[in-house]
Amino acid sequence: MITKEKKHSIVEKFGKTPRNTGDTGVQIALLTERINDLQSHFVKAPKDHASRRGLLMMVGQRRRLLSHLRDEEPKRYVELLQQLNLRK
């Protein structure tokens, strides 16, 4: 689970303004944080299929947002991939 402070720091780091939570980069960063959090959960609970479905939905949402960012702002797309250590 993402704490309020962690979410606030992600928004400040990836948003164009400190309160811009709707920015594509911020949404991708928040989804990446939640995905990483859930991956550690599956080590302890491998049979939690409901959460696995939620994880797959988050991965799909992040993929769609990354595609949108790649089409609209290619330079920012590359920078975001490097900052979040995502492969593409």
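Quick notes
- Among Met57, Met1, a tally of other beta-carbon atoms within 10 Å of each Cβ gives an order, fewest to most, of Met1, Met57.
- Pairs of C-alpha atoms in the chain farther apart than 20 Å represent 37 percent of all such pairs.
- Farthest toward positive dipole pole in the chain [+1 Lys/Arg, -1 Asp/Glu at C-beta], among Leu66, Gln39, Met1: Gln39
- Annotation for Lys16 and Gln83: the two label points, set 7 Å from Cα along the Cα-Cβ direction, are 1.3 nm apart.
- Label sites at Ile2 and Leu65, each approximated as a point 7 angstrom past Cα along Cα to Cβ, lie 0.7 nm apart.
Every read-out reported here was derived from the displayed coordinates using simple, explicitly stated rules and does not represent laboratory data. Keep in mind that this is a model prediction, so the values were computed, not measured. Heads up, the Cβs are rebuilt from the backbone with ideal geometry, glycines too, and the neighbour counts pull from every protein chain shown.
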